[in-house]
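The values are calculated or read from the model by the stated rules, or taken from the named source; none is laboratory data. All values reported here derive from a predicted model rather than from experimental measurement. No Cβ is skipped: glycine too gets one built from the backbone with ideal geometry, and neighbour counts run over all protein chains shown. Side chains included, ligands, DNA and RNA excluded: accessible areas come from the protein's heavy atoms. Shrake-Rupley method; radii C 1.70, N 1.55, O 1.52, S 1.80 Å.
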Amino acid sequence: MITSWLLGWCSSAGFRLFIPEELSRYRGGPGDPGLYLALLGRVYDVSSGRRHYEPGAHYSGFAGRDASRAFVTGDYSEAGLVDDVADLSSSEMLTLQNWLSFYEKNYACVGRVIGRFYREDGLPTPELTRVEAVMAKGLEANKQAQQEKQKFPPCNAEWSATKGSRFWCSQKSGGVSRDWIGVPRKLYKPGSQEPHCVCVRTTGPPSDQTLDHPTHRNRGDLDDPSLGEYPGCPPLAITCSFPL
């Protein structure tokens, strides 16, 4: 479970607990005891990246506090440098997860902040558990999106004021390398107002069937119900042009 995974981060024996007022002393200025920042309640010693976080540096606002929200929003004002992430989406939470991975890899975790994400005994609060659940949802959605992109890679596309629109498929369209080219189709997705162009495999069994499945019609994914043909484009053409 993602909760167990994330809670394992910054879990070395003897980790230190900070109250926010104490952490605020670690801004890297003259006489300060160090240069720390916090992300989702985990405290990292960023002294080795001093040029980024010390007073006057571009990210100095992150020092001495938990400014988790600003890692996503880019709002470096005092109002934005806060730890409230309650209204962030699952994809935005994945951005935070990526930042956590970055800090775990590049800096030493030295403790936890008592407050929104950790209790006075250092254990997670319900808010941290909720955040991790949203991250898990985002991970699952991202996984499904990547699987769909492998099945239906985006088309190449161009538009010209003189020639109109053109969609076409290649073995690398959409950034997906594969051993087939495919043909352009409209992909309709729930919640989307407009379809977008994807390349569809035209031979073999559908992606959800095996090669030895007895009923497939050797049409690849052409019969997927979420697809539609482009009017005026030959069904098996790898390029569809729509002049003005």
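Considering only the stretch 180-200, I want to know if a residue exists there that is over 30 Å from S90 (Cα atoms), outside the structural domain of S91 (by the TED database), open to solvent by 50 Å² or more (accessible area, probe 1.4 Å) and acidic (D, E). No, the stretch 180-200 contains no residue that is over 30 Å from S90 (Cα atoms), outside the structural domain of S91 (by the TED database), open to solvent by 50 Å² or more (accessible area, probe 1.4 Å) and acidic (D, E).
Looking across the stretch 13-48, the residues that are outside any loop (DSSP other than H, G, I, E, B) and in contact with a Ser or Thr (Cβ under 6 Å, 6 or more places away or on another chain) come down to L35, L39.
Residues in the stretch 129-160 that are among the small types (G, A, S) and within 16 Å of P195 (Cα to Cα) were compared, and the one that is modelled with the lowest pLDDT is A145. In the stretch 116-126, the count of residues that are open to solvent by 20 Å² or more (accessible area, probe 1.4 Å), assigned to a strand (DSSP E or B) and either outside the structural domain of R27 (by the TED database) or touching a Gly at 6+ places or on another chain (Cβ under 9 Å) (or both) is one or more. Note on the stretch 152-179: residues that are touching a strand residue (DSSP E or B) at 6+ places or on another chain (Cβ under 7 Å), among the small types (G, A, S) and loosely packed, with under 12 Cβ neighbours inside 10 Å amount to 0.
Go through the residues of the stretch 82-100 one by one and say whether even a single one is assigned to a loop (DSSP other than H, G, I, E, B) and farther than 24 Å from L128 by Cα. So far as the stretch 82-100 goes, no, none of its residues is assigned to a loop (DSSP other than H, G, I, E, B) and farther than 24 Å from L128 by Cα. Please indicate, with yes or no, whether at least one residue in the stretch 146-168 is more than 30 Å from L236 (Cβ to Cβ), in contact (Cβ under 8 Å) with a residue 60 or more places away in the chain and hydroxyl-bearing (S, T, Y). Within the stretch 146-168, none of the residues are more than 30 Å from L236 (Cβ to Cβ), in contact (Cβ under 8 Å) with a residue 60 or more places away in the chain and hydroxyl-bearing (S, T, Y).
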